[in-house]
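The values are calculated or read from the model by the stated rules, or taken from the named source; none is laboratory data. From a predicted model like this one, the values you see are computed outputs, not experimental measurements. Because the Cβ atoms are built from the backbone with ideal geometry, glycine has one as well, and the counts that use them run over all protein chains shown. Just so you know, the surface numbers come from the protein's heavy atoms only, side chains and all, with ligands and any DNA or RNA stripped out. Shrake-Rupley method; radii C 1.70, N 1.55, O 1.52, S 1.80 Å.
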Amino acid sequence: MKKKVIVSACILGEYCRYDGKIKKINTVTEALKEYEIISFCPEAPLFGTPRERINVMQIKGENRIITEEINRDVTDLLREEIHAFIQQHPEAERIILKSKSPSCGYGTTPILNAKKEIIKIGNGIAAELMSEYYTDIKIEDECSYET
Ligand code: SF4
């Protein structure tokens, strides 16, 4: 049986980015020929594609996920979606996530204040939850696969 790897769906070339653009990174799929790829995107099933952009915002000391235009707090919805995914895939042995995303970014995501200024760089909500659950797996960033 092949080992399983979780990969952000957009870097596999799926139509799921907020702006509707496709951004496939061929070197990722090439590097994973020996693996069973588990595609992951928490945003598209909840909000569709294309959709309003979301940001990680620090509010009262807590990171919340807020939509760009109508300022809707979608943190709990995303958390539920990501938890459900993790429960379905406890056996993953590798994780490769999209850089800078409010969901998938691992140590690369801008965290904003109420004025939408960048106050630090941190994790998206999915990367954060995955790093808490998959404690034995080092999360990889797509950037190391770009040529
Ligand atoms: S970065 Fe993550 S949430 Fe955003 S489109 Fe890609 S897979 Fe979906």
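So, in region 1-19, of the ones that are at pLDDT 95 or above and more than 16 Å from the chain's Cα centre (by Cα), which residue ends up farthest from H83 (Cα to Cα)?
K2
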Notebook entry, point to check: Would you pick out the residues in region 51-71 that are closer than 19 Å to G105 by Cα and either assigned to a loop (DSSP other than H, G, I, E, B) or aromatic (F, W, Y) (or both)?
Noted result: R51, E52, R53, E68
Check: Would you call K23 of a type in the set (D, E, K, R), open to solvent by 60 Å² or more (accessible area, probe 1.4 Å), assigned to a loop (DSSP other than H, G, I, E, B) and free of Cβ contacts under 8 Å to residues at least 12 places away in the same chain?
Finding: no
Next item on the list: May I ask you to list the residues in region 1-19 that are of a type in the set (D, E, K, R) and assigned to a loop (DSSP other than H, G, I, E, B)?
Entry: K2, E14, R17, D19
Item checked: Scan of region 72-114 for residues that are of a type in the set (S, T, N, Q) and not in a strand (DSSP E or B), ordered by number -> T75, Q87, Q88, S99, S101, S103, T108, N113
Notebook entry, point to check: Exactly one of (1) over 19 Å from R17 (Cβ atoms); (2) in a loop (DSSP other than H, G, I, E, B); (3) in contact with a strand residue (DSSP E or B) (Cβ under 9 Å, 6 or more places away or on another chain) is unmet by K33. Its number?
Noted result: (3)
Next item on the list: Just give me the residues in region 20-48 being closer than 15 Å to P102 by Cβ and more than 12 Å from the chain's Cα centre (by Cα), in sequence order.
Entry: L46, F47
Item checked: Candidates E14, E68, E30, E36 - the one that is near the ligand (Cβ under 9 Å from one of its atoms) and of a type outside the set (S, T, N, Q) -> E14
Item checked: Answer from E52, E43, E68 - the residue that is in contact (Cβ under 8 Å) with a residue 40 or more places away in the chain, open to solvent by less than 80 Å² (accessible area, probe 1.4 Å) and not small (G, A, S) -> E43
Notebook entry, point to check: Looking at this structure, is I96 buried (at least 18 other Cβ atoms within 10 Å of the Cβ), touching an Asp or Glu at 6+ places or on another chain (Cβ under 8 Å) and farther than 27 Å from Y145 by Cα?
Noted result: no
Checklist line | region 99-128 - residue that is among the hydrophobic types (A, V, I, L, M, F, W, C) and open to solvent by 50 Å² or more (accessible area, probe 1.4 Å) and, of those, farthest from the ligand (Cβ to nearest atom) | finding: A114
